[in-house]
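The values are calculated or read from the model by the stated rules, or taken from the named source; none is laboratory data. This structure is a prediction, so every number in the text was calculated from the model and none was measured. Please note: Cβ atoms are built from the backbone with ideal geometry, for glycine as well, and neighbour counts cover all protein chains shown. These accessible areas exclude ligands, DNA and RNA; they are computed on the full protein's heavy atoms, side chains included. Shrake-Rupley method; radii C 1.70, N 1.55, O 1.52, S 1.80 Å.
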Amino acid sequence: MRELSGDEIRQKQIEILDAFVDTCEKNGLQYYLCGGTLLGAIRHKGFIPWDDDIDVFMPRPDFEKIQNVAMDAPFEIHFYKNGKSHKPFLKVVNANTEACEKNNRSRTALWIDVFAIDSLFENNFLNRLHYKVTLFLRKGVYFGFRPRTGLFGKIALPILKVLHISPERVNDFASACIDRISKIRRYEKGRYLGGINWGYGPHERMERADLESAVKVEFEGKMYNAPVAYDKYLHNLYGDYMKLPPEEKRRTHGLLVWEK
């Protein structure tokens, strides 16, 4: 296998994104750039210089539909439900690659992340509780691929070994709980939407109209969908998002990729 350079990794990620977008368009599914990828599109017209991943999200009904869509090789959809991932969100991968990142004990194919947009509670207390429960359950997901890190891992790992329960089983259980709790409200119900199955927190909550319409934004020389209220979304997540963070906060995933 040949190790890819940083520029080659990003090109492969763009190819995955384009295959995903093509699949969405052929099947009448909606998507939007989100998180750091959307921030990069608006502030840099492409990747954040120190970032090395791509994030998108989809309305929950479309998120459920795409799980049953077969993509053209070498692209595949990995999810805890099909046994190809242990995460509560989708990974669209290039199966002709292998990748790993620092603090992750296993290799997988190079990916982009696809999250769900779910209906959120109008009540502020219930909204915060909704997020707190899913954020707590992430400890179980992280434990699956970093079982020896953190106080939870140091305490839990010896106990689970005695019970013959693998970290991956804990991971899958936590992912299933997050998946169920995230969609506890019917998508069509309520005024607010947000990404909760791997969200940033209660401040991510947006008016339905702000996340259900799309505009085109430039990312690495191509045009992709973004929420129509992307300015409000980015302010909610990052504050003054056009201002560069201090250098000590410019972190990457430490991504290594090989082409088969």
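Here are some notes:
- Restricting the range 60-101 to residues that are of a type in the set (S, T, N, Q) and surrounded by fewer than 17 Cβ atoms within 10 Å (Cβ to Cβ), the residue that is farthest from the chain's Cα centre (by Cα): 96
- Within the range 31-47, being assigned to a loop (DSSP other than H, G, I, E, B) and more than 13 Å from residue 237 (Cβ to Cβ) holds for 31, 45, 46, 47.
- Some residue of the range 76-91 being β-branched (Val, Ile, Thr) and farther than 25 Å from residue 181 by Cβ: no
- Search result, residues across the range 232-243 that are without any contact (Cβ under 8 Å) to a residue 24 or more places away in the chain and either open to solvent by 50 Å² or more (accessible area, probe 1.4 Å) or in contact with a Lys or Arg (Cβ under 7 Å, 6 or more places away or on another chain) (or both): 235, 240, 243
- Subset tally (residues that are among the basic types (Lys, Arg) and either surrounded by 15 or more Cβ atoms within 10 Å (Cβ to Cβ) or in contact with a helix residue (DSSP H, G or I) (Cβ under 8 Å, 6 or more places away or on another chain) (or both)) for the range 43-59: 1
- Filtered by the rule that a residue be within 20 Å of the chain's Cα centre (by Cα) and either among the β-branched types (Val, Ile, Thr) or not in a helix (DSSP H, G or I) (or both), the range 229-260 gives 229, 241, 250, 251, 252, 253, 254, 255, 256, 257.
- Here residue 28 meets each of (1) open to solvent by 10 Å² or more (accessible area, probe 1.4 Å); (2) of a type in the set (Gly, Ala, Ser); (3) under 28 Å from residue 238 (Cβ atoms) with one exception, condition (3).
- In this entry, residue 224 is excluded by the filter for residues that are outside any strand (DSSP E or B), surrounded by 14 or more Cβ atoms within 10 Å (Cβ to Cβ) and touching a residue at least 12 places away in the same chain (Cβ under 8 Å).
- Options 212, 207; residue that is under 28 Å from residue 134 (Cβ atoms), over 20 Å from the mean Cα position of the chain (by Cα) and touching a residue at least 12 places away in the same chain (Cβ under 8 Å): 207
- Subset of the range 10-38 (residues that are without any contact (Cβ under 8 Å) to a residue 24 or more places away in the chain, of a type outside the set (S, T, N, Q) and over 22 Å from residue 64 (Cβ atoms)): 36
- Meets criteria (modelled with pLDDT under 95 and within 17 Å of the chain's Cα centre (by Cα)) for residue 18: no
- Number of residues in the range 15-29 that are of a type outside the set (Val, Ile, Thr) and touching a strand residue (DSSP E or B) at 6+ places or on another chain (Cβ under 6 Å): the value is 3.
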